[in-house]
Amino acid sequence: MFRLFAFVYGVSAYVAFLVVFLWFIGFVGDFAVPKTVNSGAAGGTLESVVVNLLLIVLFGLPHTVMARTGFKRWLSKTVPAPIERSTYMWIANALLAFLMWQWQPIGAVVWQAQGMAQTFLYGVFAFGWVLLLISTFLTDHFQLFGLKQITACLFNKAMAPSKFRLVLFYKLVRHPMMLGFLIAFWSVPTMTVGSLVLAVGMSAYILIGIHFEERGLEEELGANYRAYRQTTPMLLPGL
């Protein structure tokens, strides 16, 4: 009975992630969804900046803590291993949805591209999300989002251990997924103050998250990852 529950629980977490994440793309780009970074009830500028930064902290802090090895060990004492990743995803989904729901727009325009420049920036914006998506498959998309764990549980099979692989984008930078996020956040054709707060706040969260993630990867992978760090840039090829 638990194996069936775990499978349904994990699949629903993944479906919820797809819905929230696709909404987030429209939210950042200010198109296609009813609530975006530039829509909704606006407050005073200072008040909105403070509220929005607190929303980013509320999303980023638990998200970073939950990804750490120590938290995973603690979580494994109460949550069965097959649904540990799916539980992480449910929490992350809820936090991101709450951020978008409560976000306060700040409409003053920092820059607004027109014509060919607008088309170019939309292309770069799309490239960032595509880079992010492809990078998840270059590691292990189905394990990253908990589907491999719940499938192994459903059929009562052991999980194969993760392997350290360097393919495609990972030969150029250590964190192509995070690079995809950064490209998307900073290449919107209309950058309002609200969009700028989102870009700055999420960029800070990403850099802090990378710092802790790399510590965890060194503990897990040892000398292999230390050598990888010495030869491969973190985010920008050639830097």
Does segment 186-239 hold any residues that are within 30 Å of Leu54 (Cβ to Cβ) and among the aromatic types (Phe, Trp, Tyr), and which are they?
Trp186, Tyr205, Phe212
Regarding segment 122-131, can at least one residue be identified that is loosely packed, with under 14 Cβ neighbours inside 10 Å, under 17 Å from Phe31 (Cβ atoms) and free of Cβ contacts under 8 Å to residues at least 60 places away in the same chain?
yes
Of the numbered conditions (1) in a helix (DSSP H, G or I); (2) in contact with a helix residue (DSSP H, G or I) (Cβ under 9 Å, 6 or more places away or on another chain); (3) hydrophobic (A, V, I, L, M, F, W, C), Ala117 satisfies every one except a single condition; which is it?
(2)
Considering (1) among the hydrophobic types (A, V, I, L, M, F, W, C); (2) assigned to a helix (DSSP H, G or I); (3) modelled with pLDDT of 90 or more, say which one Val110 fails and leave the rest.
(2)
Scan segment 32-54 and give yes if some residue there is of a type in the set (Asp, Glu), in contact (Cβ under 8 Å) with a residue 12 or more places away in the chain and surrounded by fewer than 13 Cβ atoms within 10 Å (Cβ to Cβ), otherwise no.
yes
Per the filter on segment 81-119, residues of a type in the set (Asp, Glu) and without any contact (Cβ under 8 Å) to a residue 40 or more places away in the chain are none
Filter segment 69-85 down to residues that are in a helix (DSSP H, G or I), under 16 Å from Phe2 (Cβ atoms) and polar (S, T, N, Q), then give me how many there are.
1
Out of all the residues in segment 199-208, is one or more crowded, with 17+ Cβ neighbours inside 10 Å and either among the small types (Gly, Ala, Ser) or out of contact with any Phe, Trp or Tyr (no Cβ under 8 Å at 6 or more places or on another chain) (or both)?
yes
Is it the case that some residue within segment 5-16 is exposed (fewer than 14 other Cβ atoms within 10 Å of the Cβ), of a type in the set (A, V, I, L, M) and over 30 Å from Thr190 (Cβ atoms)?
yes
Any hit, segment 138-147, residues being surrounded by 16 or more Cβ atoms within 10 Å (Cβ to Cβ), within 19 Å of Ser187 (Cα to Cα) and in contact (Cβ under 8 Å) with a residue 60 or more places away in the chain
no
Residue check for Asn156: touching a residue at least 60 places away in the same chain (Cβ under 8 Å) and surrounded by 15 or more Cβ atoms within 10 Å (Cβ to Cβ):
no
Breaking point among (1) closer than 18 Å to Gly10 by Cβ; (2) buried (at least 18 other Cβ atoms within 10 Å of the Cβ); (3) among the hydroxyl-bearing types (Ser, Thr, Tyr), for Thr78
(2)
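The values are calculated or read from the model by the stated rules, or taken from the named source; none is laboratory data. All values derive from a computational prediction rather than experimental measurement. Because the Cβ atoms are built from the backbone with ideal geometry, glycine has one as well, and the counts that use them run over all protein chains shown.
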